[in-house]
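Notes follow once the structure below has been shown.
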């Protein structure tokens, strides 16, 4: 069984937006019900489409000072992490460039150099005495 899709004409959509502008209906939901439109989201979409977002209900967020401070701290932490990530990426690129330059001077391919001089974690622990 297939679902029935209803297509509305442009003139009909504009008529609904005009009705919303008139203020005759207390809400977009009551407007949608009066015209037999499936849901308020459809009417909202038409209102956005025809540039009348001022008719849409506004969202007001009420929060405690603690919530506001936590959000502010989280945003600050995100910015710090983004900066640290960018710095780490720059350092990685520089180290890769230095390694490439060293391999070029030695006349070696970088991949073969890595394979030849690969160290495991246990090798580095022995060198640094952290066993």
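The values are calculated or read from the model by the stated rules, or taken from the named source; none is laboratory data. A quick note: this is a predicted structure, and the numbers were derived from the prediction, not measured. We place every Cβ from the backbone using ideal geometry, glycine too, and count neighbours over all the protein chains shown.
Of note:
- Close pairs from the stretch 26-45: first under 15 Å from residue 9 (Cα atoms), partner in a loop (DSSP other than H, G, I, E, B), Cβ under 7 Å, at least 6 apart: 43/37
- Helices (runs of 4 or more DSSP H) enclosed by the stretch 28-116 - at least 3 residues per element that are surrounded by 10 or more Cβ atoms within 10 Å (Cβ to Cβ) and at pLDDT 90 or above: 28-34, 40-49, 65-106
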